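Trainee: Got a structure here, written out as structure tokens. Questions coming.
The values are calculated or read from the model by the stated rules, or taken from the named source; none is laboratory data. Since we're looking at a predicted model, the values are computed, not measured. Using ideal geometry, Cβ is built from the backbone for each residue, glycine included, and neighbour counts are taken over all protein chains shown.
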Number of protein chains: 2
Amino acid sequence: MRRDVFQAIADPVRRDIIKLLSAQALSVNEVAKKFEVSRPAISKHLKILKECGIIDIHQKGRERYCLIRPKSLIPAFLWIEQYQTLWEDKLDSFEVYLNQLQLQHKKRDKNE
Amino acid sequence: MRRDVFQAIADPVRRDIIKLLSAQALSVNEVAKKFEVSRPAISKHLKILKECGIIDIHQKGRERYCLIRPKSLIPAFLWIEQYQTLWEDKLDSFEVYLNQLQLQHKKRDKNE
DNA sequence: ACCTTGCGTAACCAAATGATTACACTTAAA
DNA sequence: TTTAAGTGTAATCATTTGGTTACGCAAGGT
């Protein structure tokens, strides 16, 4: 059972939950009301988000409030960010492709 | 069958493939050699990456070269980036939590 | 003309995922 | 002290996922 931030944000429902909770802390029921799926389904999503460190859950009376821990998204952010220079490159994809291919073949293909 | 960037980068093998191809274009076999799993397994990962627009595959002789299309990662980058202000907030999580809870309860809880 | 290389894909399988219903438990409310 | 509200979790299920082996085919090499 993989439990990392990438798996956590892979599901669209969980991304929507993150969005909700980034605006305000909500109880489990309050979260569940925003979705079509059943409350137990939301409960499971919240459990996964908690296990991935993306949310905290605090009991208050008989309610459990979910609040986001935005720092948990930083690893995913950094992973994607490392490719930023790539997509900001001046060279367009086709040129990059040709260059890479040349490098690739400079030893074995002598007739191109 | 979900086919979006988030699902594409959810798998660690696919993230490693992206890393490889960000350095240079490689043929399917060259990619497969870098991993423990079988070539057909890599072939499937490459197919998913292609369907998500993360790589292009160009035939050259009997080899197929995979090259990254880094721009396809931008949507995921933007999604995570929107929470950057959240994790850069001066307030620490506990204060945020208390504030949110106050807002949450300012109408119904008058005895706290 | 063969054989080899590179690769896709079908068939199959175990495990993970995402959902549901039913039930249990705890805490507030009446 | 009943009752209702809020929630977790078990049992169950269909689908997806990620892997394997086996096979087929096209393009190069001999």
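Trainee: Please indicate, with yes or no, whether at least one residue in region B:25-42 is among the hydroxyl-bearing types (Ser, Thr, Tyr), surrounded by fewer than 14 Cβ atoms within 10 Å (Cβ to Cβ) and within 14 Å of DNA strand C (Cβ to nearest atom). Let's see the steps before the verdict.
Mentor: Our first condition is that a residue be among the hydroxyl-bearing types (Ser, Thr, Tyr); within region B:25-42, this holds for B:27, B:38.
Now drop any that are not surrounded by fewer than 14 Cβ atoms within 10 Å (Cβ to Cβ), which leaves B:38.
Checking which are within 14 Å of DNA strand C (Cβ to nearest atom) leaves us with B:38.
Yes, there is a match, as at least one residue in region B:25-42 is among the hydroxyl-bearing types (Ser, Thr, Tyr), surrounded by fewer than 14 Cβ atoms within 10 Å (Cβ to Cβ) and within 14 Å of DNA strand C (Cβ to nearest atom).
Trainee: Select the helices (runs of 4 or more DSSP H) contained entirely in region A:1-67, then report the ones holding at least 3 residues which are over 15 Å from the mean Cα position of the chain (by Cα) and near DNA strand D (Cβ under 8 Å from one of its atoms).
Mentor: Working: elements: A:5-8, A:12-23, A:28-33, A:39-51.
Where helices (runs of 4 or more DSSP H) fall fully within region A:1-67 and carry at least 3 residues being over 15 Å from the mean Cα position of the chain (by Cα) and near DNA strand D (Cβ under 8 Å from one of its atoms), they are A:28-33, A:39-51.
Trainee: A further question on this structure: Exactly one condition in (1) more than 13 Å from DNA strand C (Cβ to nearest atom); (2) free of Cβ contacts under 8 Å to residues at least 24 places away in the same chain is not met by residue A:73; state its number.
Mentor: Every condition holds for residue A:73 apart from (2).
Trainee: Please work out which residue is surrounded by the most Cβ atoms within 10 Å (Cβ to Cβ), limiting yourself to region B:46-68 and to residues that are of a type in the set (A, V, I, L, M, F, W, C) and more than 10 Å from DNA strand C (Cβ to nearest atom). Before the answer, list the steps.
Mentor: Step one: of region B:46-68, the residues of a type in the set (A, V, I, L, M, F, W, C) are B:46, B:48-49, B:52, B:54-55, B:57, B:66-68.
Filter again for more than 10 Å from DNA strand C (Cβ to nearest atom), leaving B:48-49, B:52, B:54-55, B:67-68.
Numbers: B:48: 17, B:49: 25, B:52: 20, B:54: 24, B:55: 26, B:67: 21, B:68: 28.
Selected residue: B:68.
Trainee: Sticking with this structure for a sec: Can you report the number of residues in region A:1-18 which are more than 12 Å from residue B:9 (Cα to Cα) and in contact (Cβ under 8 Å) with a residue 24 or more places away in the chain?
Mentor: Just the residues of region A:1-18 that are more than 12 Å from residue B:9 (Cα to Cα), to begin with: A:1-3, A:12-18.
Then keep just the ones that are in contact (Cβ under 8 Å) with a residue 24 or more places away in the chain; that gives A:3, A:13-14, A:17-18.
Adding up the residues that qualify gives 5.
Trainee: With the structure loaded, tell me whether residue A:76 is facing chain B (nearest Cβ under 9 Å), over 30 Å from residue B:60 (Cα atoms) and surrounded by 16 or more Cβ atoms within 10 Å (Cβ to Cβ) or whether it fails that test. First the steps, then the outcome.
Mentor: Numbers: facing chain B (nearest Cβ under 9 Å): yes; over 30 Å from residue B:60 (Cα atoms): yes; surrounded by 16 or more Cβ atoms within 10 Å (Cβ to Cβ): yes.
Spelling it out, residue A:76 is indeed facing chain B (nearest Cβ under 9 Å), over 30 Å from residue B:60 (Cα atoms) and surrounded by 16 or more Cβ atoms within 10 Å (Cβ to Cβ).
Trainee: Six or more apart or on different chains, Cβ atoms under 7 Å: show the pairs whose first residue is in region A:19-41 and assigned by TED's automatic domain parsing to the domain that holds residue A:68 and whose second is acidic (Asp, Glu).
Mentor: A:27/A:63
Trainee: Tell me which residues, restricted to region A:83-111, are exposed (fewer than 14 other Cβ atoms within 10 Å of the Cβ) and either at pLDDT 95 or above or aromatic (Phe, Trp, Tyr) (or both).
Mentor: A:94
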